[in-house]
1. How many of the residues making up region B:60-84 are touching a Phe, Trp or Tyr at 6+ places or on another chain (Cβ under 9 Å) and either among the basic types (Lys, Arg) or closer than 23 Å to residue B:30 by Cα (or both)?
2. Which of the residues belonging to region A:31-47 are within 9 Å of another protein chain (Cβ to nearest Cβ) and part of a strand (DSSP E or B)?
3. Within region B:30-46, how many residues turn out to be open to solvent by 30 Å² or more (accessible area, probe 1.4 Å), within 8 Å of chain A (Cβ to nearest Cβ) and in contact with a strand residue (DSSP E or B) (Cβ under 7 Å, 6 or more places away or on another chain)?
4. Checking residue A:13 against (1) open to solvent by 70 Å² or more (accessible area, probe 1.4 Å); (2) more than 14 Å from the chain's Cα centre (by Cα); (3) more than 12 Å from chain B (Cβ to nearest Cβ), which test does it fail?
5. Can you tell me which residues in region A:16-74 are surrounded by fewer than 18 Cβ atoms within 10 Å (Cβ to Cβ) and of a type in the set (Asp, Glu)?
6. In region B:51-94, what residues are open to solvent by 70 Å² or more (accessible area, probe 1.4 Å) and within 14 Å of chain A (Cβ to nearest Cβ)?
7. Anything in region B:9-29 that is open to solvent by less than 70 Å² (accessible area, probe 1.4 Å) and either in contact with a Ser or Thr (Cβ under 7 Å, 6 or more places away or on another chain) or facing another protein chain (nearest Cβ under 8 Å) (or both)? List them, or say none.
Amino acid sequence: DQQVKQNSPSLSVQEGRISILNCDYTNSMFDYFLWYKKYPAEGPTFLISISSIKDKNEDGRFTVFLNKSAKHLSLHIVPSQPGDSAVYFCAAPSFYNQGGKLIFGQGTELSVKP
Amino acid sequence: ETGVTQSPTHLIKTRGQQVTLRCSSQSGHNTVSWYQQALGQGPQFIFQYYREEENGRGNFPPRFSGLQFPNYSSELNVNALELDDSALYLCASSATSGSRETQYFGPGTRLLVL
């Protein structure tokens, strides 16, 4: 039962252009979402989050959009840089309050080409 | 650099053996969570420890067990290893067990079961 889904395993973007990574969820009880970035041989690193009371949160080049009616969120990176090449995971805390259980999507590998 | 370390970085075991993986959390973080990340998948929650007690568990059998110590270190133990246990094991520490608390991940231990 995949409650958080990232249907694009990979994405390739030219440097300077916009990268858009998508995430869908099935559980309408989720009220908080996070994006993590993972480089090879490193653990995931927190990038940005959004509460369900908002539809947008921005942090520098990174913006996350939330569409609750569609149960969809997206991460926009503008402009994309080669250093952004990594695997990106969206995640949501379990609403069963199982401590800090995070439910992750499968990840999207972003490649930013110079 | 999250301040979370894990050892060993890589490990090879044979089916039926037992393994202990170690994690050192950020100082002051009293919560540690463990995740299993299979190839091409997102991390899957195994369990969480808060102040040395289990505080939530995912869909993993009892042969996956853990310990948390007062010095911010913790262990993941897996008995009777199976081939499907081959994965990257991540620990993540957080200041509290709250569901919106940012989790800081270590680099992981890659386990191969032959």
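The values are calculated or read from the model by the stated rules, or taken from the named source; none is laboratory data. Everything quoted here is computed from the prediction, not taken from an experiment. Here Cβ is always computed from backbone atoms with ideal geometry, including for glycine, and neighbour counts include all displayed protein chains. We work out accessible area using only protein heavy atoms, side chains counted, and drop any ligands, DNA or RNA first. Shrake-Rupley method; radii C 1.70, N 1.55, O 1.52, S 1.80 Å.
1. Our first condition is that a residue be touching a Phe, Trp or Tyr at 6+ places or on another chain (Cβ under 9 Å); within region B:60-84, this holds for B:60, B:64-68, B:74-79.
The next check asks that each one be either among the basic types (Lys, Arg) or closer than 23 Å to residue B:30 by Cα (or both); those that pass are B:60, B:64-68, B:74-78.
Number of matching residues: 11.
2. Within region A:31-47, A:32, A:34, A:36, A:38, A:45, A:46 qualify.
3. So in region B:30-46, the residues open to solvent by 30 Å² or more (accessible area, probe 1.4 Å) come out as B:30, B:38-41, B:44.
Of the ones still in play, those that are also within 8 Å of chain A (Cβ to nearest Cβ) are B:40-41, B:44.
Applying the additional criterion that residues be in contact with a strand residue (DSSP E or B) (Cβ under 7 Å, 6 or more places away or on another chain) yields B:44.
So the answer is 1.
4. So residue A:13 meets the others, but not (1).
5. A:31, A:42, A:55, A:58, A:59
6. B:51, B:52, B:53, B:54, B:59
7. B:11, B:21, B:23, B:24, B:25, B:26, B:29
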